[in-house]
Structures are given as C-alpha cells and as structure tokens.
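Here the structure is laid out as structure tokens; the discussion comes afterwards.
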Amino acid sequence: MAKHRMNHPQAVRALGALAHDTRLQVHRLLVRAGDNGLSAGTIARKLDLPASSLSFHLAHLQSAGVITQRRVGRSLIYAIDFDSVNGLMAYLQENCCRGFAEDGCAVAAPTAGGAEIDERRPARRVAGAGKRSRA
C-alpha cells in the first residue's frame, strides 16, 4: 500500500506532467536510477537535452510531485518520489474489479477510502446488440 495517497486533482497533475515525451523519458531514466537519483547534468547528457529545456521539464515534474530535488554540494540531484508514484498507481487502480475478480481481473483488492462510484456491475455489450436487423 502506498504511503502517499493521491486525490483526484493530484493524480490529474501527475498524469499531465507525465503525458509529455521528454518528461516521460526523464521519469523512466530516474526510475532506473533508483533512490540515488541523477544530477541534472547527467540527465541532460543521457537524454541529449539542452539544460534550459531540461530545467523546464524537471520543474514541471517536481511541481506535479513525481520527482524530488536535493542539493549535494553544487549539484542538484533529482530522483523519483516512489511514494508519490505508488500513490498514483494505487489511485488509478483503487476500484479495479469492484468485487468482480471472477471475470479475470488481475488486481482484485480495491483500496479503502476511494472515490465513490456506482458499484453495480456494468452491463456487458454484446456484438451487434442494439442494431436493427434489415430483413
């Protein structure tokens, strides 16, 4: 269970930040780097990005709460906020299956305290249903 529980506005900001090619590349690189993170210069070199562009994208990811920044000497080190990202994943999957695991859902346990939704089983569409036949 994620320590950081995201709410809807936080999830929208995080997803918006990640919905950009460069920011998603930065995110994936930082995930591979783990808790140690990477300096801005290393990220720029690995992704072949100008410092000014990278700075903009890092600020966006940090504002959305998916990365952290710390100073080590003269370097700024960026790392994934794994608690936040895990909180985003928990938010996205909190209503998975809603008790209908027998239908093949891989994640059968919804988390407590999630957003209220209609818990009735959704109607299944049948191919061709609702279409009038032309006889």
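Taking the conditions exactly as written (over 16 Å from Asp83 (Cα atoms) and of a type in the set (Asp, Glu)), does Asp48 satisfy them or not? The answer is yes for Asp48. Of the residues that sit in segment 1-38 and are closer than 14 Å to Ile80 by Cα and loosely packed, with under 15 Cβ neighbours inside 10 Å, which one is farthest from the chain's Cα centre (by Cα)? This residue is Asn36. For segment 12-32, the tally of residues that are in contact with a strand residue (DSSP E or B) (Cβ under 7 Å, 6 or more places away or on another chain) and of a type in the set (Gly, Ala, Ser) stands at 0.
No other residue among Leu92, Leu88 is crowded, with 16+ Cβ neighbours inside 10 Å and in contact (Cβ under 8 Å) with a residue 60 or more places away in the chain apart from Leu88. Would you call Asp48 acidic (Asp, Glu) and without any contact (Cβ under 8 Å) to a residue 24 or more places away in the chain? Taking the combined requirement at face value, the residue satisfies it.
A short reminder: the numbers here are calculations on the coordinates, not readings from a lab. Computed from a predicted structure; not experimentally measured. FYI the Cβ positions are ideal-geometry reconstructions off the backbone, even for glycines, and counts take in every protein chain you see.
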